[in-house]
Amino acid sequence: MVHSVESILGYLHEWYEPSPGDLVWTGTPEGVGAMNKGDLVECWMKNSEGEMVSVLNAKCVV
């Protein structure tokens, strides 16, 4: 990532107060290739203690 999660949240705090459960989508830095049909994606969420709370595995179909 170009910016750390801490710096992104710090910037957001300048504009509004995030609430527990809010999601922050960070985007993709320049130079990362496009996804292709059949590519596999894994996403996960951790709680404030660092424990895995959700995992999503998906295949790109388009």
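No lab work stands behind these numbers, since they all come straight from the coordinates. Bear in mind that the values here come from a model prediction, so they are computed numbers and not experimental data. Please note: Cβ atoms are built from the backbone with ideal geometry, for glycine as well, and neighbour counts cover all protein chains shown.
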* To do: Filter the stretch 36-46 down to the residues that are surrounded by 10 or more Cβ atoms within 10 Å (Cβ to Cβ) and under 16 Å from the mean Cα position of the chain (by Cα), then identify the one that is farthest from residue 59 (Cα to Cα).
  => 46
* Asked: Do any residues in the stretch 43-62 that are basic (Lys, Arg) have Cβ atoms under 7 Å from those of residues that are in a strand (DSSP E or B), where the two are at least six apart or on different chains, and which pairs are they?
  -> 46/52; 46/53; 59/40
